[in-house]
Amino acid sequence: MFEFTISSTKRIEMIDITGKVQEIVSKLKVKDGIIFLFVPHTTAGLTINENADMSVQKDIISKMNQIIPENDSYLHSEGNSDSHIKSSMFGCEKFIFIKDGKLFLGTWQGIYFCEFDGPRKRKVYYKII
Amino acid sequence: MFEFTISSTKRIEMIDITGKVQEIVSKLKVKDGIIFLFVPHTTAGLTINENADMSVQKDIISKMNQIIPENDSYLHSEGNSDSHIKSSMFGCEKFIFIKDGKLFLGTWQGIYFCEFDGPRKRKVYYKII
Amino acid sequence: MFEFTISSTKRIEMIDITGKVQEIVSKLKVKDGIIFLFVPHTTAGLTINENADMSVQKDIISKMNQIIPENDSYLHSEGNSDSHIKSSMFGCEKFIFIKDGKLFLGTWQGIYFCEFDGPRKRKVYYKII
């Protein structure tokens, strides 16, 4: 099991990590298998979505902010309850198939680290089977 | 790794693929293990939910449409921003245990392909460990 | 594949099962691997979130109830449509890495069984690879 780090620059942000994950698979020379990704944070998550038009990411973030606004009648005093809820909605883990040394994603799919309480330095753990 | 195809007939639809997945497990004569399912599309997803009363599926779809309506002030110009957001909410991957050659699901659980931008011809990838 | 049981005491509740899952890993003397958890119910789920301040759980539950209220114009006649929808939103499965005999979670992460239609006696299946 290994990890890599990401630096987010905004409070809420989707960061494309597809290239980073492919790099790992290539370096380890894995031909076939499954890569499991796990985010060890409670105010971040992972999702797989459109990698072409950036406006999709903006729509995802803006709808999430509308459903779960930053400011609401939350009990948690750190001001990031929305980040925790968003994290549970998206989940902190994903798996992706590997075929012939490549991440076997759909044409329009990218893997995104979802920052919900940045900017922060974050980790992603991974394991390949 | 293999794949199967599905044809959806509506814009938003939950299609029961439990039988198809069980068929795969039976054909491959897998006794014990885990089957991993992955949808290579950004406007579709997978979920596991009630297989008895069809009205549950209708309630799920109608609530999803209420929270994330088809028409809203989205930036993405293809008219399917809601489909992308729904996809991220449900996720594009699932795993199910196999025991004694059968999918080890709960009594009321079925596996559903969630079409969020149909009708289309879709794929589901799978891998068994 | 094995299972353990949980007794919920409220209609909607997040129950910390981190200790139980660690106990399983310790008993089986697994040093490294992945534990896969699967809830065989359609009105419950799993999530990983903050283990320190209990008010985070309260905020998660209260926001979920606000987005998907118990009473709405649902078709399903059992009065638990909201529970089914919440289950699909959170998902019924999770995987967690194991390193040196310990669940490899982030400092603030706990594993939660999410009861959405209790009180009930529930099961969690698990499998380690």
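Annotation for region B:58-121 versus region A:15-54: alpha-carbon center distance of 21 Å. About the centre of its Cα atoms, region B:43-129 shows a dipole size close to 480 debye [charges on the beta carbon of Lys, Arg (+1) and Asp, Glu (-1) only; nearest 20 debye]. Dipole orientation for region C:1-101: of the candidates C:Asn80, C:Leu28, C:Ile60, C:Leu28 has the Cα lying most toward the positive pole (charges on Cβ; Lys, Arg +1; Asp, Glu -1). The alpha carbon convex hull volume per residue for region A:1-82 rounds to 132 Å³. Once all protein chains are placed together, A:His41 keeps about 40 Å² accessible to a 1.4 angstrom probe.
Over all Cα atoms in the protein assembly as shown, the spread is summed up by Rg and Dmax: 19.3, 54 Å. Taking every alpha-carbon pair within region C:22-129, the share separated by more than 22 Å comes to 40 percent. Each Lys and Arg adds +1 at its Cβ and each Asp and Glu adds -1 at its Cβ; summed about the Cα centre, region B:1-103 shows a dipole of about 400 debye. Excluding C:Asp82 itself, what net charge comes from residues whose Cβ is under 12 Å from its Cβ, given Lys and Arg +1 and Asp and Glu -1? Net charge around C:Asp82: -2.
Summary for C:Ser77: label point 7 Å along Cα→Cβ; distances to the equivalent points in the other copies, ascending, 5.0, 5.0 nm. Dividing the summed helix terms, -39500 (n - 2.57) for each DSSP H run of n ≥ 4, by the number of residues in the protein assembly as shown produces a 222 nm estimate of -7500 deg cm²/dmol to the nearest 500.
Across chain C, the mean sequence separation of Cα contacts (distance under 8 Å, 6 or more residues apart), normalised by length, yields a relative contact order of 55 percent.
Dipole of chain B computed with +1 at Lys/Arg Cβ and -1 at Asp/Glu Cβ about the Cα centre; of B:Ala44, B:Thr107, B:Pro119, farthest Cα towards the positive end is B:Thr107. Net charge dipole, the protein assembly as shown: roughly 1580 debye, given to the nearest 20, about the Cα centre with Cβ charges of +1 for Lys and Arg and -1 for Asp and Glu.
The values are calculated or read from the model by the stated rules, or taken from the named source; none is laboratory data. Being a predicted model, the structure only gives us computed values, none of them experimental. Because the Cβ atoms are built from the backbone with ideal geometry, glycine has one as well, and the counts that use them run over all protein chains shown. Protein only, heavy atoms only, side chains kept; ligands, DNA and RNA dropped before computing areas. Shrake-Rupley method; radii C 1.70, N 1.55, O 1.52, S 1.80 Å.
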